[in-house]
Structure formats: C-alpha cells, structure tokens
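J.: First, the structure itself, so that you have it in front of you.
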Amino acid sequence: MPIKFKIETFADITIVKIPMSAIDAGNIMDFKTDIAPVLDKCDQAIFDMSRVKFMDSSGIGAILSCMRKLHSQGGSLKMFGVREQLIQLFRLVRLDRIIDIYPSRDEAVEA
C-alpha cells in the first residue's frame with residue numbers, strides 16, 4: 001500500500017509531511033519507492049517529522065539517501081518537528097551535522 005505523503009509547496013520549497021510513526025526495516029522499501037517521485041520534482045525539501053516516533057538504521061540510511069539525491073540536484077534537505085529521542089539518535093550518528101534540524105516549520109522555511 002503506497003505511503004501518502006502530504007505535500008505543500010511554498011515558493012520553491014517542498015514541505016513533505018512524513019505520515020508514519022516509524023521509518024524502519026518494515027516500511028523502508030515503501031518509503032524509498034514513494035518518496036522518490038516527490039524528490040524528483042523538487043530541489044529544496046523540508047521534512048515534517050512530527051509524527052515519526054521511531055527510526056532504525058535503515059530509516060537513517062533512507063534519510064541520507066534523500067539528502068544525497070537533493071544535493072545531487074543542487075538542493076538541500078531540512079527537517080522540523082523532530083522528537084527529542086530522534087534528535088538524540090541523530091546526534092549519536094552525527095546526522096545533525098549534515099542535515100539542518102529546526103524547531104518549527106516557520107524557522108525551517110525561513111532558513
């Protein structure tokens with residue numbers, strides 16, 4: 001069953017609401033398949049991570065793939081609404097050093 005991402009466009013920025021509570025080995029193939037056409041149509045993406053409660057190493061790998069795809073197109077990936085436990089995980093694997101994480105949507109859009 002395809003993942004239904006809620007997409008909003010603001011100027012040249014695509015805001016993608018991640019609808020699932022986990023990005024892990026159980027849904028990673030669907031995530032990658034369904035996010036690819038979204039990323040094909042944009043350069044600047046912001047992921048709304050407010051619903052995501054859990055992520056494993058395959059989820060981190062998928063986020064890195066999204067970032068690499070956008071970088072190869074001359075764009076970037078930012079996030080907001082990241083829960084504290086995920087921020088701690090991102091710090092542990094140093095993902096917070098390569099993807100900008102903002103507390104709010106407005107701050108992510110302004111950046």
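J.: State whether the residues of segment 60-73 include one that is closer than 22 Å to P19 by Cβ, open to solvent by less than 30 Å² (accessible area, probe 1.4 Å), in a loop (DSSP other than H, G, I, E, B) and at pLDDT 95 or above.
T.: Checking segment 60-73: not a single residue is closer than 22 Å to P19 by Cβ, open to solvent by less than 30 Å² (accessible area, probe 1.4 Å), in a loop (DSSP other than H, G, I, E, B) and at pLDDT 95 or above.
J.: Which of the residues that make up segment 49-68 are under 16 Å from K32 (Cα atoms), of a type outside the set (A, V, I, L, M) and under 12 Å from the mean Cα position of the chain (by Cα)? Full working, then the answer.
T.: Narrowing segment 49-68 to residues under 16 Å from K32 (Cα atoms): 49, 52, 55-68.
With of a type outside the set (A, V, I, L, M) added as a condition, the list becomes 56-59, 61, 65-66, 68.
G59, G61, S65, C66, R68 - these are the residues of segment 49-68 that are under 16 Å from K32 (Cα atoms), of a type outside the set (A, V, I, L, M) and under 12 Å from the mean Cα position of the chain (by Cα).
J.: Applying the selection to segment 70-111, what residues are farther than 22 Å from A36 by Cα and touching a Cys at 6+ places or on another chain (Cβ under 7 Å)?
T.: Of everything in segment 70-111, nothing turns out to be farther than 22 Å from A36 by Cα and touching a Cys at 6+ places or on another chain (Cβ under 7 Å).
J.: Out of the residues in segment 99-108 meeting the condition of being in contact (Cβ under 8 Å) with a residue 12 or more places away in the chain and either assigned to a helix (DSSP H, G or I) or open to solvent by 90 Å² or more (accessible area, probe 1.4 Å) (or both), tell me which one is nearest to C66 (Cα to Cα).
T.: Going through the qualifying residues, I end up with A108.
J.: Could you list all residues from segment 1-31 that are of a type outside the set (S, T, Y), open to solvent by 50 Å² or more (accessible area, probe 1.4 Å) and farther than 18 Å from K69 by Cβ?
T.: The answer is M1, P2, K4, K6, E8, F10, A11, K17, A25, G26.
J.: Being under 21 Å from D12 (Cβ atoms) and of a type in the set (V, I, T) is the filter; apply it to segment 32-59 and report the residue that is most open to solvent (accessible area, probe 1.4 Å).
T.: V38
The values are calculated or read from the model by the stated rules, or taken from the named source; none is laboratory data. Since we're looking at a predicted model, the values are computed, not measured. Note that we place each Cβ from the backbone using ideal geometry, even for glycine, and neighbour counts take in every protein chain shown. Note: accessible area is taken over every heavy atom of the protein model, side chains too, but ligands, DNA and RNA are not part of it. Shrake-Rupley method; radii C 1.70, N 1.55, O 1.52, S 1.80 Å.
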